[in-house]
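Right, one structure below, let's go through it.
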Amino acid sequence: MTAFPEPLVPAEVDLRDFQYMELDVRMLRDSRFAAQVSGDGFRAGVLLWCAAWHQVPCGSLPDDDIELANLAGFGRFVKEWVKFRQEALTQFVKCSDGRLYHKTV
């Protein structure tokens, strides 16, 4: 059985009062993520970055397809979300607390 890594940030990190998230435009523009995923996967991924910024702990998401579909802009269309899940969650890693953390966010 594979052990999950420890969360990438402490559980108490809460940035919900921080309205703005810094974005390294060049890094995103020139990334493998931008070059290799579909347009829908890219859109969903960036929306998930934004959602992760205001989750607690910051930079994480729940590993639940109903919640992820909503946060990724698919609303109640979970079957559509699942088609793009892998692409959208590029660079997110599941940790020992059961949440998905983005390595950059």
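The values are calculated or read from the model by the stated rules, or taken from the named source; none is laboratory data. None of these values were measured; they are calculated from a predicted model. Quick note on the areas: whole protein, heavy atoms, side chains included, nothing else; ligands and nucleic acids left out. Shrake-Rupley method; radii C 1.70, N 1.55, O 1.52, S 1.80 Å.
Per residue, the chain exposes 67 Å² of accessible surface when a 1.4 Å probe is rolled over the protein heavy atoms with every protein chain present. Here the range 52-105 exposes an accessible surface that is 50 percent carbon and sulfur, computed with a 1.4 Å probe and the other protein chains kept in place. Computed from backbone phi, the HN-Hα couplings of the range 84-101 come to 10, 3, 4, 5, 5, 8, 4, 6, 8, 10, 7, 10, 5, 8, x, 9, 9, 10 Hz, rounded to whole numbers (Karplus: 6.51 cos²θ - 1.76 cosθ + 1.60, θ = phi - 60°; Gly and Pro given as x). Annotation: amide H of GLN55 within the under-5 Å range of SER60, sequence separation 5 or more or interchain, hydrogens built in the peptide plane. Sequentially through the range 29-46, phi angles give Karplus couplings (6.51, -1.76, 1.60; θ = phi - 60°) of 4, 9, 7, 4, 4, 5, 7, 10, 8, 5, x, 5, x, 5, 4, 4, x, 5 Hz, Gly and Pro residues having no value and appearing as x. When the helices of the chain are scored as -39500 (n - 2.57) per DSSP H run of n ≥ 4 and the total is divided over every residue, the value at 222 nm lands at -11500 deg cm²/dmol. Taking a ≥ b ≥ c as the square roots of the Cα gyration tensor eigenvalues, the chain comes out rounded, since a/c falls below 1.5. Taking all Cα pairs closer than 8 Å and separated by 6 or more residues, the relative contact order of the chain comes to 35 percent.
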